[in-house]
Amino acid sequence: MPVISYAQNGEDILLRRVFRGQAEGFYIDVGASDPFENSITKLFSLDGWRGVNVEPVPAMFERLRADRPGDVNLNVGVSDEAGTLRLYAMPGLESYTSIPEILTGYFQADPDAITAHDVPVVTLREICERHAADRPIDFLKIDVDGHELPVISGGDWSRFRPRVVLVEDHGTHLWEPLLLAADYHLATFDGVNRFYVRAEEPDLIPRFSPLPNFTDDYIPYRFQRQIDHYRDLLGEAATIGPTAIKVARRLKTLANRHPALTRIVRGTLRIDR
């Protein structure tokens with residue numbers, strides 16, 4: 001049975017391969033965002049792993065808290081020192097950034113529509129001291145829309161050494177020298193994130209190749225939601241009439257977009273039209 005990937009770019013599938021055979025584990029997700037959409041940790045949560053989810057946006061935090069009662073959920077930001085940090089938001093985007101130019105540039109936001117929010121921040125070192133002092137950190141994920149350097153600067157990389165660190169790359173990766181100096185090695189770049197492995201475990205690096213592909217037998221979450229929607233429509237149809245046939249054809253078209261969907265769609269339709 002194909003596994004569902006909740007991540008944006010198959011990052012969870014890649015990490016699952018890296019940690020294959022490991023039934024339990026621990027993660028720290030800085031910039032956790034939604035517990036389902038584009039979540040790198042949802043699949044691991046379903047597998048029984050536990051961790052710390054850090055999310056400053058109140059609406060996102062409430063969804064995380066509801067979905068991850070077994071995790072530690074922190075409604076704060078992360079920076080190079082504790083205190084308060086001014087972050088910016090725009091309508092229609094449930095995310096904060098410390099760089100308003102990202103909103104006006106990449107997202108083409110109206111400057112007058114951008115709102116400022118002063119949020120409490122802690123350091124990565126504090127998070128590790130409070131929640132990971134007595135356990136290994138299997139992976140640390142950082143996705144903070146341009147604030148990566150202060151987040152990484154606030155870590156104690158000699159005391160707390162996640163086995164794998166992945167950081168969303170916005171094209172500059174000014175923070176990379178800090179990780180290299182802390183004796184981490186670049187394992188791969190997937191077009192969105194840079195993955196690093198601590199020097200103590202060089203045998204993990206070959207597991208990052210190749211990048212996720214159809215042999216990993218996974219379905220993106222967005223496709224699964226469409227399949228579930230059309231399954232419901234088919235289930236409501238009393239007979240295989242014009243409406244149901246139209247839905248069936250839509251499902252078959254959807255299956256062609258991802259190889260792992262074919263078996264599920266065939267089992268759902270049970271018709272040949």
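In the stretch 151-167, what residues are in contact (Cβ under 8 Å) with a residue 40 or more places away in the chain and either part of a strand (DSSP E or B) or within 20 Å of the chain's Cα centre (by Cα) (or both)? Give the derivation first.
Applying the first criterion (in contact (Cβ under 8 Å) with a residue 40 or more places away in the chain) to the stretch 151-167 yields 151, 153-154, 162-164, 166.
Within the stretch 151-167, V151, P162, R163, V164, L166 qualify.
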Residue count for the stretch 169-187, restricted to those that are crowded, with 17+ Cβ neighbours inside 10 Å and either among the small types (G, A, S) or touching a residue at least 60 places away in the same chain (Cβ under 8 Å) (or both): 2
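Looking only at the stretch 22-30, decide whether some residue is in the same structural domain as V151 (by TED's automatic domain parsing) and within 23 Å of R225 (Cβ to Cβ).
Going through the stretch 22-30, the residues in the same structural domain as V151 (by TED's automatic domain parsing) turn out to be 22-30.
Imposing the further condition that a residue be within 23 Å of R225 (Cβ to Cβ) reduces the set to 29.
The answer is yes, given that some residue of the stretch 22-30 is in the same structural domain as V151 (by TED's automatic domain parsing) and within 23 Å of R225 (Cβ to Cβ).
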Does D29 satisfy the condition of being of a type in the set (D, E, K, R), modelled with pLDDT of 95 or more and out of contact with any Lys or Arg (no Cβ under 7 Å at 6 or more places or on another chain)? no
Pairs, please: C-beta under 7 Å, at least 6 apart or cross-chain, first residue within 17 Å of D71 (Cβ to Cβ) and in the stretch 113-133, second among the aromatic types (F, W, Y) and outside any strand (DSSP E or B)? C128/F160; A132/F160
By my count, helices (runs of 4 or more DSSP H) wholly in the stretch 4-71 with at least 1 residues that are under 24 Å from V122 (Cα atoms) are 42-46, 58-67
Restricting attention to the stretch 82-101, does a residue exist that is assigned to a helix (DSSP H, G or I) and in the same structural domain as L14 (by TED's automatic domain parsing)? yes
For residues that are in contact with a strand residue (DSSP E or B) (Cβ under 8 Å, 6 or more places away or on another chain) and small (G, A, S), scanning just the stretch 191-226, find the one that is farthest from I40 (Cα to Cα). A199
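Can you work out which of the residues in the stretch 195-246 that are of a type in the set (A, V, I, L, M) and either modelled with pLDDT of 85 or more or in the same structural domain as P136 (by TED's automatic domain parsing) (or both) is surrounded by the most Cβ atoms within 10 Å (Cβ to Cβ)? Spell out how you get there, then give the answer.
Applying the first criterion (of a type in the set (A, V, I, L, M)) to the stretch 195-246 yields 197, 199, 204-205, 211, 219, 227, 233-234, 237-238, 240, 244-245.
If we keep only those that are either modelled with pLDDT of 85 or more or in the same structural domain as P136 (by TED's automatic domain parsing) (or both) too, we end up with 197, 199, 204-205, 211, 219.
On the way: V197: 23, A199: 11, L204: 17, I205: 17, L211: 15, I219: 18.
Among residues in the stretch 195-246 that are of a type in the set (A, V, I, L, M) and either modelled with pLDDT of 85 or more or in the same structural domain as P136 (by TED's automatic domain parsing) (or both), the one surrounded by the most Cβ atoms within 10 Å (Cβ to Cβ) is V197.
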All but one of (1) assigned to a strand (DSSP E or B); (2) surrounded by fewer than 16 Cβ atoms within 10 Å (Cβ to Cβ) hold for V78; state the number of the condition that does not hold. (2)
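The values are calculated or read from the model by the stated rules, or taken from the named source; none is laboratory data. Keep in mind that what you see is a predicted model, and the values were worked out from it rather than measured. Note that each Cβ is placed from the backbone with ideal geometry, even for glycine, and that neighbours are counted across all protein chains shown.
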